[in-house]
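The values are calculated or read from the model by the stated rules, or taken from the named source; none is laboratory data. Just so you know, these numbers come straight off a predicted model, no measurement behind them. Using ideal geometry, Cβ is built from the backbone for each residue, glycine included, and neighbour counts are taken over all protein chains shown. Heads up: the accessible areas ignore ligands, DNA and RNA and are worked out on the full protein's heavy atoms, side chains in. Shrake-Rupley method; radii C 1.70, N 1.55, O 1.52, S 1.80 Å.
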Amino acid sequence: MPIPKAELHLHIEGTLEPELAFTLAERNGVDLSYASPDELREAYSFADLGSFLRLYYALMQVLRTEQDFADLTEAYLARAREQGVRHAEIFFDPQAHTARGVPIDEVIGGISRALDAAPERHGISTGLILCFLRDESVESARATFEAARPHLDRISAIGLDSAEVGHPPSKFAELYELAEAAGLRTVAHAGEEGPPEYVWEALDVLRVERIDHGVRSMEDAQLVARLAEQQIPLTVCPLSNLRLGVVDDLADHPLPRMLAAGLLVTVNSDDPAYFGGYVGDNYTAVRESLGLDDDQVRTLARNSFRAAFLDEPTKLRYIAEVDAHPMRS
Ligand code: ADE
Ligand code: ZN
C-alpha cells in the first residue's frame, strides 16, 4: 500500500498515454503519423522543455470532445488511486484546445465530469487549476479567463506554464489581479528552466501562494531563506527534471538540500505519461536514487497535504492518515 499523498503538480494533458492517444485518434479520425503506441512511446525522449512541449502540444490534436476529456481524466484518476493519491489538484491548458477550435465548455465539462465522480469512484478529492500559456500573449490569456468565467465555481486556482525562459511572471501581473479579485488561489511555474529572478517575480509581482518546480531557487541563498521563512510550497517533479535535462542524474537532484534547508517541498509527477512515472513512482525514484529515509518520505507526504488548497480540518485528517501509514521498511 503506497503512502497517502496529494498530487499538486499534474498537467492532465500530460497523462495522455500512447494507447489512449491511439484510441482517441481512431475515434476522431486523426492521423497520428506513428505506426503504433510503442513507436510513439519511443519518441518520448527529450533534450529540454522545448522539445517536450512540441510533442505535448502536437499530440493534443486527438483531444476533441467532452467525452475525450472525461476519458483522459478518468484514466488519470484510476492510475492516481493506485499510487496512493487521496487529493489531486489538476492543471489544464485551455488555450492549447481553444486555439484548435475546441470550445472551453467541452474541455471543462469533460474534465469536471470525471472529477465530480472521483470522491465516490476513487476516494480522491480534487481541485482544478486553469493555466495560462506564458509564451502566448496577455490578450489571449485575458480572453481565456473571460471565456472561463461561467465555470469559475469549478476552478480553484490559476497557474502559468509552457516555455519559461523569455516569459517572466511579471508579463501576467494583470491576470493574477483579475484572478485574485475573482477569489481564486494562485500558483505559477517558476525556476524550472528559468532563473531565480522569475521565482522572486512570481512571489512579489504575482503574489502566488505556491511555486511549481522552483528547483533553481537553490542558486540564490536569499531566495531560499525567503521561501523557508514564509513556508511557500514548492511542487517539485523529480522524474520530469531528469527527463527534461534540468538535472543530469537523479542522484544530483537538489531535493535533499531543499528538505535540509527547511523548504516546504512536495513531490509530484508533472506529465507522467511522458516522463516515465506517476507520483508514487516519483516517490520511489527519489527514495532509491537519493537515499531518502522513511521520515523524509513521510515529511514529503505530509507536506503535500499542508501545501494543498484544502481547509485546515481536512488537511489534518489527511495528515493523520499519513502518520498512521506503516512504512514498508
Ligand atoms: N506544461 C506541461 N508540462 C510543463 C512543464 N514541465 N513546464 C512548463 N510547462 C509545462
Ligand atoms: Zn508542470
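Can you name the number of the only condition in (1) part of a loop (DSSP other than H, G, I, E, B); (2) open to solvent by 40 Å² or more (accessible area, probe 1.4 Å); (3) more than 16 Å from ligand 1 (Cβ to nearest atom) that residue 262 fails? Every listed condition holds for residue 262 apart from (2).
Scan the stretch 178-199 for residues that are within 20 Å of the chain's Cα centre (by Cα), more than 16 Å from ligand 2 (Cβ to nearest atom) and either surrounded by 18 or more Cβ atoms within 10 Å (Cβ to Cβ) or part of a helix (DSSP H, G or I) (or both) and the total you get is 4. Out of all the residues in the stretch 89-107, is one or more more than 16 Å from ligand 2 (Cβ to nearest atom), over 26 Å from residue 174 (Cβ atoms) and not hydroxyl-bearing (Ser, Thr, Tyr)? Yes, there is a match, as at least one residue in the stretch 89-107 is more than 16 Å from ligand 2 (Cβ to nearest atom), over 26 Å from residue 174 (Cβ atoms) and not hydroxyl-bearing (Ser, Thr, Tyr).
The selection criterion, being within 16 Å of ligand 1 (Cβ to nearest atom) and modelled with pLDDT of 95 or more, holds for residue 214.
When residue 211 is tested against (1) assigned to a helix (DSSP H, G or I); (2) within 16 Å of ligand 2 (Cβ to nearest atom), only condition (1) is not met. Here is a check on your reading of the model: is residue 89 in a strand (DSSP E or B), touching a strand residue (DSSP E or B) at 6+ places or on another chain (Cβ under 9 Å) and either on the phi < 0 side of the Ramachandran plot or surrounded by fewer than 16 Cβ atoms within 10 Å (Cβ to Cβ) (or both)? So residue 89 fits the description; yes. Residue-level analysis places residue 27 among those that are modelled with pLDDT of 95 or more and either of a type in the set (Ser, Thr, Tyr) or farther than 30 Å from residue 304 by Cα (or both).
Against the list (1) open to solvent by 40 Å² or more (accessible area, probe 1.4 Å); (2) touching a Cys at 6+ places or on another chain (Cβ under 8 Å); (3) not β-branched (Val, Ile, Thr), the condition residue 159 fails is (1).
The residue of the stretch 219-253 that is nearest to residue 46 (Cα to Cα), among those that are within 16 Å of ligand 1 (Cβ to nearest atom) and part of a loop (DSSP other than H, G, I, E, B), is 244. Return yes or no: is residue 53 in contact (Cβ under 8 Å) with a residue 40 or more places away in the chain, out of contact with any strand residue (DSSP E or B) (no Cβ under 6 Å at 6 or more places or on another chain) and either within 13 Å of ligand 1 (Cβ to nearest atom) or not aliphatic (A, V, I, L, M) (or both)? Here the answer is yes, as residue 53 does meet what is asked.
Here's the yes/no breakdown for (1) within 16 Å of ligand 1 (Cβ to nearest atom); (2) polar (S, T, N, Q); (3) touching a residue at least 60 places away in the same chain (Cβ under 8 Å):
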position: 29; (1), (2), (3): no, no, no
position: 41; (1), (2), (3): no, no, no
position: 70; (1), (2), (3): no, no, no
position: 79; (1), (2), (3): no, no, yes
position: 99; (1), (2), (3): yes, no, no
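For residue 12, indicate whether it is over 20 Å from residue 95 (Cβ atoms), touching a residue at least 24 places away in the same chain (Cβ under 8 Å) and of a type in the set (Val, Ile, Thr). No. Among the residues of the stretch 1-19, those that are out of contact with any Asp or Glu (no Cβ under 7 Å at 6 or more places or on another chain) and either away from ligand 2 (no atom under 16 Å from the Cβ) or open to solvent by 40 Å² or more (accessible area, probe 1.4 Å) (or both) comprise 1, 2, 3, 5, 17, 18, 19.
Could you please let me know if residue 191 is touching a helix residue (DSSP H, G or I) at 6+ places or on another chain (Cβ under 6 Å) and on the phi > 0 side of the Ramachandran plot? Here the answer is yes, as residue 191 does meet what is asked.
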